[in-house]
Amino acid sequence: MFTNSGINKVFLVGHIGKEPRLHNFTDQKEVLCFPLVTNETIKKNGDNVELIEWHNIKIPKEVAASGNELLQKGHLLYIEGKIQTRSFYDEQQIKKYKLEIIVVKYQVLNTVPVLQEV
């Protein structure tokens, strides 16, 4: 069925962790960047354990412009996108990698911020 092909698709629901900022990367168009925090509760040894993950989100300017709400810290978002790994060099010229979610579609689910310690 899937001969020589793959699927790179991500679905996330989480809260915006910091105020979104517009960035202009050298190899890309302008993108809106912010961290998104997701949390889930799982059973581990009979106890409930909360797992928290932080995701680096990039929304291309044309996708962000299609939304009719200003995105702010604390908003609950539904995101569809793909995973992308970007490499860069730090101040000591050491090559680093960053995993990012490139958004193709999003929807604000709740604009009431949830207080969460970071």
**OP:** Could you pull out the residue among Pro20, Pro35 that is without any contact (Cβ under 8 Å) to a residue 40 or more places away in the chain and surrounded by 14 or more Cβ atoms within 10 Å (Cβ to Cβ)?
**Re:** Pro35
Original post:
When residues of the stretch 73-92 are filtered for being assigned to a loop (DSSP other than H, G, I, E, B) and touching a strand residue (DSSP E or B) at 6+ places or on another chain (Cβ under 8 Å), how many remain?
Top reply: 4
Original post:
Does Lys29 satisfy being modelled with pLDDT under 95 and exposed (fewer than 15 other Cβ atoms within 10 Å of the Cβ)?
Top reply: yes
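Residues checked against (1) surrounded by 10 or more Cβ atoms within 10 Å (Cβ to Cβ); (2) among the aromatic types (Phe, Trp, Tyr); (3) free of Cβ contacts under 8 Å to residues at least 60 places away in the same chain; (4) in contact with an Asp or Glu (Cβ under 7 Å, 6 or more places away or on another chain):
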| residue | (1), (2), (3), (4) |
| --- | --- |
| Ile57 | yes, no, yes, no |
| Lys73 | yes, no, yes, yes |
| Leu76 | yes, no, no, no |
| Glu80 | yes, no, no, no |
| Gln93 | no, no, yes, no |
| Tyr97 | no, yes, yes, no |
| Val108 | yes, no, yes, yes |
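The values are calculated or read from the model by the stated rules, or taken from the named source; none is laboratory data. From a predicted model like this one, the values you see are computed outputs, not experimental measurements. So basically every Cβ, Gly included, is an ideal-geometry build from the backbone, and we count neighbours across all protein chains shown.
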